[in-house]
Amino acid sequence: MKKTGLLKRAGVAVMTAALMVTAVACNTKIKVNFEAKASDYVKLGQYKGITVSVDEQAIENELIEKKVQNDLASNTTYDEVSREARDKDQVTVDFTGTIGGEEVSGFSNEDYSLILGTDTFVIDGFIDALYGMSAGQTKVVILTVPEDFEDAPEYAGSRIVYNITMKKVEQPNVPMITDAYVQEYFSCNTVAEYRQSIKDDIQETIDEQIEDAKKEAVLTKLQQNCEITGYPEAYLSSKQSELETSIKFYALMQGLSNDEYCQKSFGISFEEYVKRAVAQDLIFQSIIEQEDLSITDYEYKGDLESFADKMGFTNKDSFVEKYGKDKIVRAMLLQKAQDVVMNSAVYE
């Protein structure tokens with residue numbers, strides 16, 4: 001019986017040791033190699049306790065006003081007029097586009113309507129040509145297909161001749177924002193009640209925009225507090241390729257080049273946008289070095305699903321398949337460094 005007891009105790013000891021080995025293995029720090037040693041390119045400044053101010057009321061007012069204007073646009077009616085087309089008019093045109101003397105169906109359309117000053121067109125200069133035209137008038141304009149035109153890449157950079165016929169010009173009848181207007185369209189008694197209903201409907205968006213503004217303000221201050229002494233060329237090149245793809249998606253939606261989109265959205269060129277993105281990563285990598293941050297196997301496995309979801313993936317396995325463990329761990333580490341900055345920030 002004693003022998004059996006010893007065996008039982010030995011079995012428990014073995015199991016305990018095995019569990020300890022498993023725990024140690026799970027808590028092992030994952031080795032991460034970044035493209036460059038950040039401290040060679042960054043002089044780290046204050047990154048904890050950064051103080052910024054964000055006008056939350058202005059953000060709220062802007063979003064509510066945007067919804068008000070969208071509602072106005074939806075309830076605006078148009079009356080046909082015999083004058084020349086001008087800003088805010090809705091125009092209807094027929095047009096054919098020819099390249100090399102041959103009509104291209106993808107660049108031709110009938111009864112095509114757009115609102116001047118609001119809508120965009122994939123070929124620069126097309127909308128400008130519509131201003132001043134009246135119903136029945138025909139115009140020929142020579143334009144250029146964008147160099148990065150992906151819908152029909154075989155025509156990218158080609159000269160295109162448009163034959164445009166103005167069929168109809170309509171002027172807008174924009175409702176006045178009055179109690180009568182909101183009673184008719186939105187079942188609200190007053191304009192104040194209408195605006196409050198908008199606020200209630202978009203509160204989540206308001207909160208997200210405020211958080212984004214706080215984050216942007218802190219990260220801008222962080223870059224101001226740090227000195228970038230150089231940029232690793234390989235890292236700069238890979239970041240440029242990465243951002244060219246992501247920015248192009250949003251730029252094309254607005255009929256803009258990457259550079260035009262960055263100028264419009266951020267007030268800087270695409271090249272400067274890339275440098276700022278690299279600078280931000282280098283600063284976070286310096287914070288990782290300074291704070292001795294790490295990701296363990298346990299953290300990686302535990303956080304992978306939520307991290308994948310945050311990055312827009314519903315399946316963690318497809319997330320890993322696309323980016324690989326090493327790149328994901330680096331992203332997790334950068335997020336940890338960002339959390340160090342954001343969680344200690346002070347908002348006035």
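The values are calculated or read from the model by the stated rules, or taken from the named source; none is laboratory data. Remember, it's a predicted structure, so these values are computed and weren't measured experimentally. When we count neighbours, we look across all protein chains shown, and the Cβ atoms used for this are built from the backbone with ideal geometry, even at glycine. These area figures cover heavy atoms from the full protein model, side chains too; ligands, DNA and RNA do not enter into them. Shrake-Rupley method; radii C 1.70, N 1.55, O 1.52, S 1.80 Å.
Filter region 45-54 for residues that are in contact with a Ser or Thr (Cβ under 8 Å, 6 or more places away or on another chain) and surrounded by fewer than 15 Cβ atoms within 10 Å (Cβ to Cβ); which is nearest to Tyr194 (Cα to Cα)?
So, considering only residues that are in contact with a Ser or Thr (Cβ under 8 Å, 6 or more places away or on another chain) and surrounded by fewer than 15 Cβ atoms within 10 Å (Cβ to Cβ), the one nearest to Tyr194 (Cα to Cα) is Gly49.
Would you confirm, using the coordinates I've provided, whether Arg276 is part of a helix (DSSP H, G or I), of a type outside the set (A, V, I, L, M, F, W, C) and open to solvent by less than 60 Å² (accessible area, probe 1.4 Å)?
no
Six or more apart or on different chains, Cβ atoms under 9 Å: show the pairs whose first residue is in region 35-54 and in contact (Cβ under 8 Å) with a residue 24 or more places away in the chain and of a type in the set (A, V, I, L, M, F, W, C) and whose second is open to solvent by less than 60 Å² (accessible area, probe 1.4 Å) and assigned to a strand (DSSP E or B).
Val42/Ile228
Under the condition of being assigned to a loop (DSSP other than H, G, I, E, B) and in contact with a Leu (Cβ under 9 Å, 6 or more places away or on another chain), which residue from region 162-183 is nearest to Tyr131 (Cα to Cα)?
Among those residues, the one meeting the criterion is Val174.
Need a quick list: strands (runs of 3 or more DSSP E) entirely within region 55-161 having at least 2 residues that are without any contact (Cβ under 8 Å) to a residue 40 or more places away in the chain and surrounded by fewer than 12 Cβ atoms within 10 Å (Cβ to Cβ).
Per the criteria, 138-144.
Among the residues in region 187-206, are any open to solvent by less than 50 Å² (accessible area, probe 1.4 Å) and in contact with a strand residue (DSSP E or B) (Cβ under 7 Å, 6 or more places away or on another chain)?
Checked region 187-206: no residue is open to solvent by less than 50 Å² (accessible area, probe 1.4 Å) and in contact with a strand residue (DSSP E or B) (Cβ under 7 Å, 6 or more places away or on another chain).
I'd like the residue in region 306-345 that is part of a loop (DSSP other than H, G, I, E, B) and open to solvent by 80 Å² or more (accessible area, probe 1.4 Å) and, out of all such residues, is farthest from Thr296 (Cα to Cα).
Step by step, filter region 306-345, then rank; the result is Thr314.
Select, from Gly255, Gly230, the only residue that is open to solvent by less than 40 Å² (accessible area, probe 1.4 Å), at pLDDT 85 or above and not in a helix (DSSP H, G or I).
It is Gly230.
Of the conditions (1) over 19 Å from Met311 (Cα atoms); (2) in contact (Cβ under 8 Å) with a residue 12 or more places away in the chain; (3) not polar (S, T, N, Q), Phe266 fails just one. Which one is it?
(2)
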